[in-house]
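Written below as structure tokens is the structure these notes are about.
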């Protein structure tokens, strides 16, 4: 069986997700330092979830006899304003979900990685919906009221 697509897609997910997870961790710490404890804990928890996916994809590659390549994430600047960050994160979430949808057909020949990626895709969609909900809440109740809910 040819696992070329599995290896390429899994490696891409590992590298992209590691970078975005680290940014979520750092953003969470920044938000907590600003007094937005709930928002900070949300993003730190998000980091932990994402790193669990990195472990699953790493295990899959190792099961296939492939040692994953570790690539250092590119430079990212933390965003101090929570709404601005959620807007930026939402854009990235949408792009990530689209990328995963496009990758699914290439994984059809590998049911194990297909199922893993399907579960990961569902998790990423939930994250995208959370961002959308927060932006809708900000619109409905006002930014200051929303910020109070994040304390």
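Residue count for the range 68-92 under the criterion of being outside any helix (DSSP H, G or I), in contact (Cβ under 8 Å) with a residue 24 or more places away in the chain and within 30 Å of residue 142 (Cβ to Cβ): the result is 4. Quick one: residue 91 ticks every box in (1) farther than 19 Å from residue 19 by Cα; (2) surrounded by fewer than 13 Cβ atoms within 10 Å (Cβ to Cβ) except a single one, so which number is it? Against the list (1) farther than 19 Å from residue 19 by Cα; (2) surrounded by fewer than 13 Cβ atoms within 10 Å (Cβ to Cβ), residue 91 comes up short only on (1).
Summed over the range 26-41, residues that are within 18 Å of residue 93 (Cβ to Cβ) and either in contact (Cβ under 8 Å) with a residue 40 or more places away in the chain or surrounded by fewer than 18 Cβ atoms within 10 Å (Cβ to Cβ) (or both) total 4.
Readers should treat all values here as calculations from the given coordinates under stated rules, not as data from a laboratory. As the structure is a computational prediction, the values presented were derived from the model and not from experiment. Virtual Cβ from ideal backbone geometry, glycine too; neighbours counted across all protein chains shown.
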